[in-house]
Every structure is written in C-alpha cells, then in structure tokens.
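Values quoted throughout were computed directly from the atomic coordinates according to the rules given, and no laboratory measurement underlies them. What you see is a predicted model, and the numbers here were worked out from it, not measured in a lab. Cβ placement follows ideal geometry from the backbone for every residue including glycine, while neighbour counts extend to all protein chains displayed.
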Amino acid sequence: MRKIFPAEELARDPRFIRQTNEQRLGDPRGARVAGGNSGDRLAKLTPELANGPDRARALMHGIFTGEIQALEGAGRTCWDFEVGEDVPLELKLDMARQCWDEARHCEISVALAEHMGTELGEFAENGLLYEAACNPDPVLRLTGVNRALEGLAIDVFNTMKEFGNLAGDPVLEFCEDWMLADEVTHVKMGSDWLRQLTANDKERLDKALEFQKVVDRLFSFNGFRGEDDDSPIQLTRRFRELAGFSDDEIDEIADMSREARVEAAG
Amino acid sequence: MTQVSVTPESFDMVFYDAAVIGEVVAEVAERLGLEETINLEIDEGSPLGRSKIISYDPIELWVDGGALENTKRPRQFGTGRARDTLGRLLLRILDRRSGRFDETPADDDLDLMQFVAWDVHCVGRLNRLGIGGQRQRRLYQFRNRHGFTDVADAAFEQLWDSSELSWTEIERISEACRAS
C-alpha cells in the first residue's frame with residue numbers, strides 16, 4: 001500500500017461533493033465558514049438568530065466531514081511512518097486510539113445529522129483537514145492537524161455545546177460535550193509529541209509551529225474564531241490550557257483572529 | 001397564466017439563469033393555483049437564505065441568492081431549494097388572502113415562534129403537493145423555538161398534518177408550547 005495517500009483520491013460515495021480550496025476561496029461572496037459565510041459580518045452562533053438552527057446544521061455537517069478526514073488522517077499516520085526511524089511506537093498507538101475516537105465521532109455525527117434534519121452530503125465537503133494530514137514530516141503533520149485543526153475543533157465543539165444548552169437540546173449538548181473531551185485529548189497528544197520529538201531540534205520545532213500558524217490562518221477567515229463576545233465561534237481558553245497550549249500561544253491565536261477581523265472590516 | 005419577472009436578468013457572482021428561475025417560480029405558482037404576475041428580486045451577493053414578501057398585491061418577492069442555492073454545489077442553482085423557498089412565500093400570500101389570516105401581524109412583527117409555526121404549516125402542505133419537504137429539518141427548527149418536548153412535537157405534528165388552519169389556530173398551537 002502506498003504512503004502519503006493523495007487527498008483527491010479519498011473514497012466517497014456519490015452523496016458527497018468535494019469543494020476544492022480554490023473554489024472555496026474563489027467564491028466572490030466569501031468562503032463558507034462556521035455554518036455561514038465569511039463575506040458577511042457573522043454573528044455569534046446562538047439559537048436566537050433567525051438562521052441559528054440552519055447554521056448549526058451546516059456547521060454540524062462540516063464537523064461530520066471533518067471527523068471522516070480526521071479518521072483518515074490518523075489512520076494514514078499509523079501507516080505512513082516507520083517505527084524507530086520515523087516515529088516511536090507510542091505515537092502510532094496514540095494515533096490508533098485517535099482513529100477509534102474519530103470513528104465514534106463519525107457515528108455520533110451521523111446520529112446528530114439525523115436529529116437535526118440533515119442529509120449526509122447535503123453540504124459541500126472541503127478537504128483541507130486531510131490535506132494538512134499529508135505533510136511528510138510526522139511532527140509537522142501532528143502539529144498542523146492535532147494542534148491547529150483539533151484545536152479549532154475544541155472551539156467549535158464548545159460553541160455547539162453551548163448552542164445545545166441554550167436551545168434546551170440535551171442530545172446536541174451531551175454529544176458535543178463527549179466529543180469535546182476527546183478533542184482535548186487529541187490536542188494534548190499533538191502538544192506532547194511536538195515537545196518530545198523536537199526536544200533537541202529547535203529548527204524542527206520552529207518549522208512545526210510555523211506550519212501550525214499557516215493552518216490556523218487558513219481556518220481564520222475574517223477572524224470568525226476569537227474571544228470577542230460577538231465572535232461566531234468562541235476561542236476556548238480553558239480547554240486549550242488543558243490541551244497543552246501555553247498562555248502565550250493562546251494569546252497569539254486570539255491576536256491573529258482579532259487582526260483578521262480588523263482586516264476584514266477594512 | 002403566470003407571468004414572472006426576475007431581477008437581475010443575468011448573474012455575475014453565482015451561476016444562475018434567470019429564465020430557469022422564472023420557470024421554477026411559474027411552476028410552483030401554478031401548482032398552488034396562482035395565475036398572476038410575480039416579480040422576484042434576487043440579491044446574488046448574499047449566500048444567506050433569507051426571503052421575504054415585499055408586496056402582496058401585486059406579488060413582489062425578495063430572496064438572498066443563497067435561498068436558491070444548491071448546498072452541495074455552492075454558487076449553483078438548486079431547484080429543490082428554490083421550490084421550497086418560493087413555495088413558502090407564495091403559500092403565505094395565499095393564506096393572507098384566504099380570510100383565515102386577517103388577524104395575522106405584519107410579517108416584520110411576527111416573532112420567531114409565530115414565524116416558525118406558520119412555516120411548518122406551509123411546508124407540511126407543500127410536502128403533500130410534492131414541493132419541498134425536509135420534515136426533520138423543520139421539526140428541528142420548530143423544537144429550537146418551541147422546546148425539545150413531547151408537547152412541542154405533538155404541536156408540530158398538528159401544524160404539519162393539517163390542511164387549512166387559521167392564524168388563530170396556529171397561534172393557539174404555538175402558544176400551548178410556550179405555556180408548557
């Protein structure tokens with residue numbers, strides 16, 4: 001079986017339609033994000049919004065396709081690298097555990113889609129998460145996926161959990177809470193392996209952190225994820241601390257979002 | 001015969017065809033028994049899904065481009081989505097003309113609970129005509145406004161399954177959830 005499986009060849013049934021990054025970023029109305037659109041000044045996602053339930057449905061579908069890709073990415077990491085020369089066995093065991101979690105999240109997401117009235121494949125799928133999981137350096141791959149993207153997942157799951165709480169929807173609230181707990185673990189894995197594998201390699205550490213920033217920026221359209229009260233997705237400081245982020249690192253993400261918002265308001 | 005006017009006549013930001021949209025509007029209107037001139041204005045720059053009735057007589061409708069979009073293929077026209085959006089607007093016009101909705105507040109004065117309850121009654125009827133549907137999506141929206149309770153679910157069933165409720169009945173059903 002070949003190493004580093006290309007994103008465009010991922011197996012999907014006909015229900016799923018892939019939207020490329022070029023198509024997404026080339027949409028003159030703004031890229032789709034957080035169940036809404038970056039071209040608009042998106043409000044914080046709450047049930048009180050007239051389109052709140054539909055935005056939550058769209059976001060949940062994005063989470064679902066993200067879970068599929070996270071499963072595929074963690075699975076590839078188990079296969080793409082050799083124990084000893086590339087990675088320690090324990091890293092592969094962590095990725096195997098993550099596969100187990102992501103498979104469970106896929107099943108939960110399918111059940112939530114049914115609960116919210118969403119058909120599988122109802123919204124276009126973007127493959128950026130898996131693309132980040134194609135980095136040939138395992139440290140960069142884990143930093144981009146586990147720290148940047150799973151870090152974003154922490155913020156998204158917490159926002160959706162609050163949405164469920166405010167709407168009085170116990171199904172959504174509890175499902176998001178359970179998945180959130182797993183995401184914190186996944187981000188912590190990324191933080192731990194980043195530090196362990198780069199303990200004596202400052203250059204590789206810097207490259208990995210730079211890659212994380214690139215991925216973070218790609219997902220920071222108009223600063224939709226931030227600490228301001230009206231940010232569509234709330235940056236979740238406490239859970240990020242639990243996941244191994246330092247205060248400075250969290251500040252940096254918050255600053256990046258703030259700058260992107262100012263730039264977008266232009 | 002239904003006459004439809006679509007504005008704009010050509011699109012730059014989305015891949016829509018005004019003639020195709022006009023055909024869909026006419027098809028839905030005729031199935032609902034509306035035979036008159038309909039003006040539809042589309043804001044192609046907005047991917048959101050808002051829609052509203054600008055004028056009841058003559059009929060003037062306004063929609064975000066996103067309200068007619070194929071969610072699987074962004075920027076492409078979605079016939080099913082368009083039927084659903086336009087069908088709901090046209091059915092509300094018919095409701096208001098029926099005499100059963102004389103006490104209905106102006107559209108801008110409806111709160112989210114009232115609006116969603118009426119929407120459920122519209123989409124349930126459209127579904128039986130083979131236009132629109134997505135019953136579970138509508139139930140989820142209804143639960144968000146009326147509660148995730150058995151009372152709310154029973155109210156939804158009543159709104160969805162009924163053929164010709166009056167505004168007073170819709171409001172009573174919605175209010176019962178508020179009280180529970």
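A few remarks follow.
- Per-residue mean of C-beta atoms belonging to partner chains within 10 Å, peptide B:63-76: 4
- Long-range amide H partners of residue A:17 with built H, under 5 Å: A:125
- Peptide A:47-54 is shielded by partner chain Cβ atoms: per residue, an average of 5 of them sit within 10 Å of its Cβ.
- For region B:107-179, the spread of Cα positions along each principal axis, largest first, Å: 33, 24, 20
- Longest exposed-site-free window of chain B, the sites being GluC sites (Glu not before Pro) in a DSSP loop that have at most 16 other C-beta atoms within 10 Å: B:37-102
- If R0 is 30 Å, the Cβ-Cβ spacing of residue B:112 and residue A:15 corresponds to a FRET efficiency of close to 0.45.
- Charged-residue dipole, Cβ positions (Lys, Arg, Asp, Glu), chain A about Cα centre, Debye nearest 20: 380
- The residues A:202, B:52, when put in order of fewest to most other Cβ atoms within 10 Å, stand as A:202, B:52.
- Taking all pairs of distinct alpha-carbon atoms in region B:29-180, Kirkwood radius in angstrom: 16.0
- With R₀ fixed at 45 Å, the C-beta to C-beta distance from residue A:203 to residue A:166 puts the FRET efficiency at about 0.45.
- Too-long pairs where the Cα-Cα distance tops 23 Å, listed order kept, from A:188/B:72; A:92/A:161; A:3/A:92: A:188/B:72; A:92/A:161
- The protein assembly as shown - share of DSSP beta bridges that are antiparallel (%, nearest 5): 30
- Note: relative contact order over chain B, using C-alpha pairs below 8 Å and six or more positions apart, is 16 percent.
- For the pair residue A:25 and residue A:86, a Förster radius of 25 Å applied to the C-beta separation gives a FRET efficiency near 0.15, rounded to the nearest 0.05.
- Between the alpha-carbon centres of region A:105-183 and region B:124-158 there is a gap of 26 Å.
- Hydrodynamic radius (Kirkwood) for region B:3-97, which is based on Cα pairs only, to one decimal in Å: 13.0
- The angle between the Cα long axis of helix B:112-128 and the longest principal axis of the Cα atoms of chain B comes to about 70 degrees, rounded to the nearest 10.
- Local electrostatic count, residue A:164, Cβ distance below 9 Å [Lys/Arg +1, Asp/Glu -1]: -4
- Solution diffusion estimate, µm²/s, Stokes-Einstein, region A:45-265, Kirkwood Rh from C-alpha pairs, 25 °C, viscosity 0.890 mPa s: 139
- Calculated log₁₀ intensity ratio I(q)/I(0) where the Debye formula runs over C-alpha points of the protein assembly as shown, q = 0.11, 0.12, 0.14 Å⁻¹: -0.89, -1.02, -1.29
- Taking other residues whose beta carbon is less than 11 angstrom from the beta carbon of residue A:218, and scoring Lys, Arg as +1 and Asp, Glu as -1, yields +1.
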